[in-house]
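This report refers to the structure that appears directly beneath it.
The values are calculated or read from the model by the stated rules, or taken from the named source; none is laboratory data. Values in this document were obtained by computation on a predicted structure and should not be read as measured data. Counting neighbours? That spans all protein chains shown, and the Cβs are built from the backbone with ideal geometry, glycine included.
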């Protein structure tokens, strides 16, 4: 990333963002600064944060367990209680230092503590940078149901510094990359072709693509903050992706999938459905499914498992009047929202996926 | 109340409000209608609601335990799960049929379920009519800390029908009346003098005062929805009132106080402090403390209890940078917000209260 300051609204990207961050902290009459971390970000990211904060703040550290299974109300209750005990008030701020679990959960905790205190997202995974921390959505899971409880509320600032990505395992980079690929598919064939060149082994060389991806997401979100229309396109691949992710999380026999791994499968399935139901061409179907299978290991699902996954769709947040609604692609860069899809076509899509 | 339709914004009052309510339901493309009730409102209020709904909706009933101790996250988790199981989606609506516990908690559950679904408040207690359901505040308690978790989010509509008050015990009416008296104190000496004539034994004769009280609260809330300035005046009597309420709730030796009973004590204490610290006259002090003690039974507090109550003040949501801030009266109808009060003056106020 070049040294020029990159920002749109309150989203700041690259190393110069820390200047804006320190200015932001200085501009608020802050009582206390809380930082939500997990064991991973404590080790790798908290020292970086400490080295970048210029002001003489005592950071109050709130540590939670790492992992999606802790993105629940019990963790929120622990944090709300700790905030109370440590004297957080309406002039306190929470810095969410971590991946999507921390930015989603920390944003929800801040938005609801004493009816809302300020927070800043400092995403440390690629997934959180290009997806979770932009757009104001926050929340927690309810049992296996993802993000069932939450609100839409924007942070004071989102600080994206790709330095944090150095600490990630390759599979986590690949997981985040799935959302970048999605941004390509829903945005334009030119960005799709560009994003295919992203090098998960050498982010530095192509890191401008991270910023492009944030810009695409942000542009969509600003047009439709409450997801009445175009924001729904960001859900491409997520209807089945979320159900697959929930299913694997809840079944001990099944290896847990990272969010992007599940979404990649969901995107292949939605692409096949798009080919059958709307105008997506066979050439685009091949292009998309081949690109995705190049990066994401295939997972086998039995017929019973597919039925269980379809059963989970009824809890999808985007459902309306009992109908499961998909986002489909009429071509790369062009979406059709609110599409009903018959169950047998979903089974057929899994058949297609199995044979790729 | 006369038959003329009374409404400001989305708050509708009197029997004609049901027409607006039915129009509202008809105007939304609703999937399902949920009603949150407790054992009390199930018996007395649900039949009234059923008789008033003109459309052919199947009401999905969600019953919770009655009482402030159930205004907590565990009850929210039960409701979020029931909503999921019963197929609530973003086109569902929740009708909160009950007192402040139900409107506060139900509003929070609706505001956070799938990042927010619609809700309508139908307050059935005087307290909920004149206070809880107006202004968009919702939330739950965290242990003994009142309303520590919540958001500000407005219902689609607030439907006030004093017919529900017929089902209330006199002590509940008196509890709600405390907030009306507060509205008088912070608004004007003319409304204060008028409100003193409210007859808790015969609401019908003076029920226009209920509507006046709602209007005063609403006017303040609209000027300052996020409580930066004038909305803080609604907190008159609540800083110590909340602490007293929490203390009694948490101590088995102490009889639980209704919210208004605790706030009445808090108002007497704040009035004495106002007399000592700002310009409130001795005549006004007598007027206010005599009026309040006429309606509210006195409670004895030992020195240890007073210390514990003061200790609880540090959790007050309105605190800023570790300072406990009071709303005081410079005269009836004129408030001074953000006032620091030394602990020994709080003790002195309790002494004054003891001797009335």
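Listed values, structure above:
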read-out: Exclusive hit being assigned to a loop (DSSP other than H, G, I, E, B) and buried (at least 20 other Cβ atoms within 10 Å of the Cβ), set A:90, A:115; value: A:115
read-out: Test: residue A:279 is away from chain B (no Cβ under 14 Å) and in a strand (DSSP E or B); value: no
read-out: Hits in segment B:123-138 (condition: surrounded by 24 or more Cβ atoms within 10 Å (Cβ to Cβ), within 11 Å of another protein chain (Cβ to nearest Cβ) and in a loop (DSSP other than H, G, I, E, B)); value: B:138
read-out: Boolean, residue A:222 is part of a helix (DSSP H, G or I), over 16 Å from residue A:127 (Cβ atoms) and either out of contact with any helix residue (DSSP H, G or I) (no Cβ under 6 Å at 6 or more places or on another chain) or not assigned by TED's automatic domain parsing to the domain that holds residue A:317 (or both); value: yes
read-out: Members of segment A:139-163 found to be more than 10 Å from chain B (Cβ to nearest Cβ), farther than 22 Å from residue A:20 by Cβ and touching a strand residue (DSSP E or B) at 6+ places or on another chain (Cβ under 8 Å), listed by number; value: A:141
read-out: Which listed residue is within 24 Å of the chain's Cα centre (by Cα), at pLDDT 90 or above and farther than 25 Å from residue A:113 by Cβ, from A:48, A:37; value: A:48
read-out: Filter result for the condition that a residue is more than 14 Å from the chain's Cα centre (by Cα) and touching a residue at least 40 places away in the same chain (Cβ under 8 Å), over A:105, A:62, A:145; value: A:145
read-out: Which numbered condition residue A:198 misses (of (1) in a helix (DSSP H, G or I); (2) buried (at least 20 other Cβ atoms within 10 Å of the Cβ)); value: (1)
read-out: Count - residues of segment A:302-323 that are closer than 24 Å to residue A:339 by Cα and at pLDDT 80 or above; value: 13
read-out: Residue match in segment A:71-85 (condition: over 24 Å from residue A:152 (Cβ atoms) and assigned to a loop (DSSP other than H, G, I, E, B)); value: no
read-out: Check on residue B:204, more than 16 Å from the chain's Cα centre (by Cα), at pLDDT below 95, part of a helix (DSSP H, G or I) and in the same structural domain as residue B:316 (by TED's automatic domain parsing); value: yes
read-out: Single match in B:255, B:298, B:314 (criterion: in contact (Cβ under 8 Å) with a residue 24 or more places away in the chain, over 28 Å from residue B:188 (Cα atoms) and either in the same structural domain as residue B:126 (by TED's automatic domain parsing) or surrounded by fewer than 15 Cβ atoms within 10 Å (Cβ to Cβ) (or both)); value: B:255
